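Worksheet: the structure to be examined is printed underneath.
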Amino acid sequence: MSLLTANGLGRSFGATSIFADIDLRIEAGDRIGLVGPNGEGKTTLLKLIAGIDPPTAGEMHRRRDLRVSYLAQDDGQPPAAQTLWESTLSAFAQLRELERQMHEQATRLVDDDALRRYAQMQAEFERRDGYIYESRIKQILEGLGFGEQDLHRPLPEFSGGQRTRAALGRLLLESPDLLLLDEPTNYLDLQAVEWLEHWLSEASASYVIVSHDRYFLDRVSGRIWEMAFGRLETY
């Protein structure tokens, strides 16, 4: 099943063409490594796929309900005054709203209709792994090198690299259909890179990863897109 297709895709800035006439397709379960020299438009292509920037030529079609998460190279920008824990909790905003509604409904179990509504909410909450989402947060943050002592530290206290790792953790927790990662290993030590490799090997999401780490891409990619001379080749 196709998640996204593009035909004749092009992007230019003024008179400068970054790339042109690119055709691509991302299928469910695809694991794609995106490589090429600096300046060839890899980040630009990710932003088009993510829907952040529009193409200047061609057409792109996404599955109607497609959920896309994108990690930029500069996701370590100064954040709002949240703690690490509060930031990662935001990945479960809808689930936490359901949890709030469940608690509210539990105080009004006065008839069969109220009991039925509560049972439906509870079943949906359980189906979405609502009873383990906090343990999932801790597991992913630990894998990315954060300790228990970091959970309630304000994000502005962390370095830019640590904030990028926090952003990566939040994206992994969002459980998107398509994950776009721009140089995700830049701020990871060897142990965290190995953890990320394992996580990606078990992920149900499709993904496109930009990286100059060929060993990493060999381990996590099923095929390679190479951008060079304004074109995209698939291997």
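The values are calculated or read from the model by the stated rules, or taken from the named source; none is laboratory data. What you see is a predicted model; the values in this text were computed from it and never measured. Cβ sites come from the backbone with ideal geometry, for glycine too, and all protein chains shown count toward neighbours. For accessibility, only protein heavy atoms count, side chains too; no ligands or nucleic acids. Shrake-Rupley method; radii C 1.70, N 1.55, O 1.52, S 1.80 Å.
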Electrostatic dipole magnitude of the chain [Cβ: Lys, Arg +1; Asp, Glu -1; Cα centre; debye, to 20]: 340 debye
Which value in Å is the Kirkwood Rh of the range 101-235 over different Cα pairs? 17.9 Å
Return the percentage of antiparallel bridges among DSSP beta bridges fully within the chain, rounded to the nearest 5 %. 50 percent
Take peptides 174-185, 219-230 and line them up by average Cβ neighbours within 10 Å, highest first, as a rough protection proxy. 174-185, 219-230
Total charge of the residues flanking residue 212 in space, meaning their Cβ is under 14 Å from its Cβ, with Lys and Arg +1 and Asp and Glu -1, is -4
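Using a 1.4 Å probe over the heavy atoms of the protein chains, calculate the carbon and sulfur portion of the accessible area of the chain as a whole percent.
46 percent
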Rounded to the nearest 500, the 222 nm mean residue ellipticity computed for the chain from DSSP H runs (n ≥ 4, each -39500 (n - 2.57)) alone is -11500 deg cm²/dmol
What shape does the range 1-108 have by the C-alpha gyration tensor, where a ≥ b ≥ c are the square roots of the eigenvalues, rounded means a/c under 1.5, and otherwise prolate means a/b greater than b/c and oblate the rest? prolate
For the range 75-190, what is the accessible area per residue in Å², given a 1.4 Å probe and the full set of protein chains? 54 Å²
Leaving ligands and nucleic acids out of the surface, order 53, 113 by accessible area at 1.4 Å, largest first. 113, 53
Cα centroid distance between the range 11-73 and the range 133-181, in Å? 25 Å
Label of the coordinate-derived value, P(r) over Cα pairs in 5 Å bins from 0, in percent, listed as [x] 1, 5, 9, 9, 7, 6, 5, 5, 5, 6, 6, 5, 5, 4, 3, 3, 2, 2, 2, 2, 2, 2, 1, 1, 1, 0, 0, 0; [y] 1, 6, 12, 15, 16, 14, 12, 9, 6, 4, 2, 1, 0, 0; [z] 1, 6, 9, 11, 11, 11, 10, 8, 7, 6, 5, 5, 4, 2, 2, 1, 0, 0: [y]
